[in-house]
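Throughout, read-outs are computed from the coordinates displayed, never taken from laboratory work. It should be emphasised that the depicted structure is a prediction, and the values quoted were computed from it without experimental measurement. Virtual Cβ from ideal backbone geometry, glycine too; neighbours counted across all protein chains shown.
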Amino acid sequence: MQRFHRVFNLLESHQYLLMRMQLLICKLQFYPAQQDNRCRYRYIIALSRLIDVKRHTIIFGTVIGNIVAGNGNHVQLWLRNAGRAQTINESHENTDYLPGYSLDHKLRATTDLQEAVSAVDIIFVAVPSQSFREVVLELRSLIAANTLVISLTKGIEPGSFSLMSQILLEELPDNPRGVLSGPNLAGEIAAGKVSASVIASDLRSINSLVHDLLHCNSFLIYSSHDMFGVELGGALKNVYAILAGVGAALGFGENTVGMLLTRSLAEMSRFAVHMGANPMTFLGLSGVGDLVVTCSSALSRNYRVGLALGKGQPLEEILGEMDQVAEGINTLGLLKAEADRRGVHMPLVKGLYAILYEHRPVVDVFDDMMHTEEAQDVEFVTR
């Protein structure tokens, strides 16, 4: 059997100094292995992080890179900061953003952007949704037409209401594409707790490749061919996580929480059908899996926003204290407008919008929502 090394680059954008974002660019090349008859991978992962934060948080891209290195592959992080790159190479720790998190010795850092992106074959993009198109446009002149591009971004583009896969199709029409999403709290992944994600694309070969790259004992990869469904699950659940946080602050009982989660899932799948997605996708990791985690964990930024709102803290003050983007805030207004335009019944979205943007009392809005829900429970039943 012919033996190969695969070379990956993982890169994070360096352009947006007031926003938290990551851009992971992976380069895949094949050349004969010299040591054993197993298929081995060598990854070059370029990654930088925007500064101006009050406290350091775990970066999903770094965790992904460390998983790759832990699987026996050579990983190189691309950074703008030469001092930080040197620290990572010498101490095997990103002390600025992941203090105490040991990086595999096969993971190395570099500051050479051109080297990182030249002749890349696979790109993972993980930036806030409002910056996704700008980053992709910047990459367009640097990558080959057949480069595989995978989105890790959970969100919807303002203005166009485009999903990230749609942006990739518009701006990189010749490039194969896919999306990765799931219940992935980076802190738990970094701690080695078992997690799982879903790779969705039009091609089985892409799903198989990404599975081989990321699958390990503590990070499991499943596959789907419903990119819209997987993306919408990751984007929409952020809105309902805010609502769940509000409910927690108000002291909701377990029955109410169960009702809120299932009605959230019903709204998500109802809207997804209007976007061309398969409602059954929402029964998987990127739907109910991500929804449950995001709506119940204090590690969820969107849940924390809702918790603070429910305790009476103004939204502007909450966002000012955060060191990461809460995508649900951006998605809510977009989702409300699009649901109204399409005539999709979404009382929970309407209620949260009233709390955040119409400044209605939280208790009054929740009381209204409890009396406006449709009687139908499960809308998509196979007979």
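Using a cut-off of under 17 Å, list every residue of the range 236-274 whose amide N is near the label point 7 Å from the Cα of residue 357 along the Cα-to-beta-carbon line. Residues 236-243 qualify, since their backbone N sits under 17 Å from the label point. Summarise the long-distance tail of P(r) for the range 134-282 by giving the % of C-alpha pairs beyond 28 Å. Summing the P(r) of the range 134-282 above 28 Å gives 27 percent of all pairs. Given their separation in residues at 0.36 nm each and the Cα-Cα distance between them, residue 118 and residue 262 gain 47.2 nm when the chain is fully extended. The simple spin-label model puts a point 7 Å past each Cα toward its Cβ; for residue 174 and residue 316 those points are separated by 4.9 nm.
Provide, as a two-decimal number, the C-alpha radius of gyration of the range 234-369 over 2.2 N^0.38 Å, N being how many residues it has.
0.97
For the residue pairs 237/336; 311/336; 154/311; 193/311, alpha carbon separations beyond 22 Å are given by 311/336; 154/311; 193/311.
Taking the square roots of five times each eigenvalue of the Cα gyration tensor of the range 65-175, the equivalent ellipsoid has semi-axes of 28, 16, 13 Å, listed largest first. Counting only Cα atoms, the size of the range 127-181 along its three principal axes is 27, 21, 16 Å, in decreasing order.
The alpha carbon radius of gyration of the range 273-314, expressed as a multiple of 2.2 N^0.38 Å, is 1.51.
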